[in-house]
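What follows is a short report on a single structure.
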Amino acid sequence: MAKKEAAKKKGYVCPYCFTKVDMNKIHYVCTGPSCAKEFAKQAVSTKDEKKLLYVSKDGQNEIDREKSLVFGKDPFGPDAIIAKQHIIRDSSGFCDICKRPAYLRVCPTCHNMIPMGAEEEGNKIFVILGPKGVGKSHYIAVLINQLKNTICTEFNGVLSAANDSTTIRYRDVYYHRLFEEKRKLQPTLSFGSSDNSREPLIFYLRILKDDKPQVFTFAFFDTAGEDLVSTNRMMSLNLNAFISLASGIVFLVDPMQVKYINQRIHVDNKPEIGPSPTDILSNVCQIIRNNNKIKGKDRIDIPIAVSLTKSDVLFKIPENEEESKVLIGLNSALHIPRERGKYDEENFDQIDAELEEYLRRTIGPEFISVVNSFKDHSLFAVSALGCNPTGNALPRAVSPLRVEDPFLWLLNKEGLR
């Protein structure tokens, strides 16, 4: 009974298909090596119409009908996803073929694994959003490295990948290229054009505090900026589902894409003026309001950390009076190191107040009004790389600046002190 109440209180959202999972109606996978083939054989021999829905056209294999549908594949076509192991489509937990208990639990919608402890801990899906070219991939890559090597040291924690897919993908796509080869990451593919872009990087963060561990499960999505250009596009790609179910949002803004700043700052490799951050964030708000049925007069209850990326360029010495209007001075609270090993509320509040005035002046008061439509919000300035790349190469090793701040703030909302 306690587990059921905890599941109801915490809730488990599948980080692959964004389904709110009823833990009493999950599916299982049998690890028996021949059960999938035997299931297909029995279905064909008995001509069981219900079972034949899960058998390939040639009658040789069990088909993962649910996962095929999630990925837009015809379960009766040649590209249907074949089940490597037999799927038990009820909550009994016993294989109907070998009659043995099955312990591998999966989401009933997409058949991705449900981790141990889902009933007690639920999970936290954190979404990194922002326009194209804002630096989302670099932020995610460096944040994970900072969590592992800095935050875990400070807070007596351990960060571990949830599965081999996350380990391999983070190592090969992010870490190797950025930290070892010292090259910029490749642009993120659209959510609708790549199956890999649909798969999150899933990590467990365990923090031991007062002899009682705090366990957080995180799913990081690296979304393409072009997927956020309109609410219609977000809905067509089903992005509205995971944004609306997020436990927290990090919304990134590239200061050099802001017109007021772009026209005044002098830096190499300066990008073109980008889409309005106000419009992009307004789209996100509208999607959440529609999905979660939040009235216009009510504020959104998902915490949001709005973060200026590439902020190292804002610390340069001004070349003229106009440039001094968009740079961050030596007296900024951003130059005051946060207190290590605890949530430094005073430092973050000082930074938030300072950046609110800065963004009000450089982007406009409308942007601040949209930010204020979130019940819990805070402003940050970060730099994932700590330097300005030359082409695709980094002139020096990655030197992150306050990358973990937005995430520490979100963790604080979940109980970290």
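Couple of notes before you dig in:
- Restricting V229, V215 to residues that are β-branched (V, I, T), at pLDDT below 85 and open to solvent by 70 Å² or more (accessible area, probe 1.4 Å) narrows the list to V229.
- Tally, over segment 387-417, of residues that are at pLDDT 90 or above and not β-branched (V, I, T): 14
- Residue match in segment 22-42 (condition: surrounded by fewer than 19 Cβ atoms within 10 Å (Cβ to Cβ), among the basic types (K, R) and assigned to a loop (DSSP other than H, G, I, E, B)): yes
- Set side by side, the residues R361, R338, R289 differ, and just one is farther than 30 Å from Q146 by Cα and in contact with a Phe, Trp or Tyr (Cβ under 9 Å, 6 or more places away or on another chain), which is R361.
- Helices (runs of 4 or more DSSP H) completely within segment 315-407 that count 2 or more residues being open to solvent by 70 Å² or more (accessible area, probe 1.4 Å) and in contact with a helix residue (DSSP H, G or I) (Cβ under 7 Å, 6 or more places away or on another chain): 345-362
- Residues within segment 124-181 that are part of a helix (DSSP H, G or I) and closer than 21 Å to Q214 by Cα, tallied: 13
- The numbered conditions (1) closer than 30 Å to P406 by Cβ; (2) modelled with pLDDT of 90 or more are all true for S34 except (1).
- The residue that is modelled with the lowest pLDDT, counting only those in segment 7-31 that are within 20 Å of A219 (Cβ to Cβ) and touching a Lys or Arg at 6+ places or on another chain (Cβ under 7 Å), is G11.
- Of the criteria (1) free of Cβ contacts under 8 Å to residues at least 12 places away in the same chain; (2) open to solvent by less than 70 Å² (accessible area, probe 1.4 Å), which one M116 fails: (2)
- Tally, over segment 42-58, of residues that are in contact with a helix residue (DSSP H, G or I) (Cβ under 8 Å, 6 or more places away or on another chain) and farther than 15 Å from K73 by Cα: 6
- Applying the set (1) open to solvent by less than 10 Å² (accessible area, probe 1.4 Å); (2) at pLDDT 95 or above; (3) within 17 Å of the chain's Cα centre (by Cα) to I300 leaves exactly one unmet item: (3).
To keep it simple, each residue is scored yes or no on (1) under 13 Å from C35 (Cβ atoms); (2) more than 28 Å from the chain's Cα centre (by Cα); (3) of a type in the set (A, V, I, L, M).
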position	(1), (2), (3)
D58	no, yes, no
E62	yes, yes, no
S68	no, no, no
R100	yes, yes, no
R105	no, no, no
P108	no, no, no
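- For L308: the one exception among (1) under 29 Å from C387 (Cβ atoms); (2) of a type outside the set (S, T, Y); (3) open to solvent by 80 Å² or more (accessible area, probe 1.4 Å): (3)
- Top-ranked residue of segment 247-290 - restricted to ones that are in contact with a Gly (Cβ under 7 Å, 6 or more places away or on another chain) and part of a loop (DSSP other than H, G, I, E, B), ranked as nearest to L359 (Cα to Cα): D254
The values are calculated or read from the model by the stated rules, or taken from the named source; none is laboratory data. Quick caveat: nothing in here was measured; it's all calculated off a predicted structure. For neighbour counting, all protein chains shown are included, and Cβ atoms are generated from backbone atoms with ideal geometry for every residue, glycine included. Please note that ligands, DNA and RNA were not included when accessible areas were found on the heavy atoms of the full protein model with its side chains. Shrake-Rupley method; radii C 1.70, N 1.55, O 1.52, S 1.80 Å.
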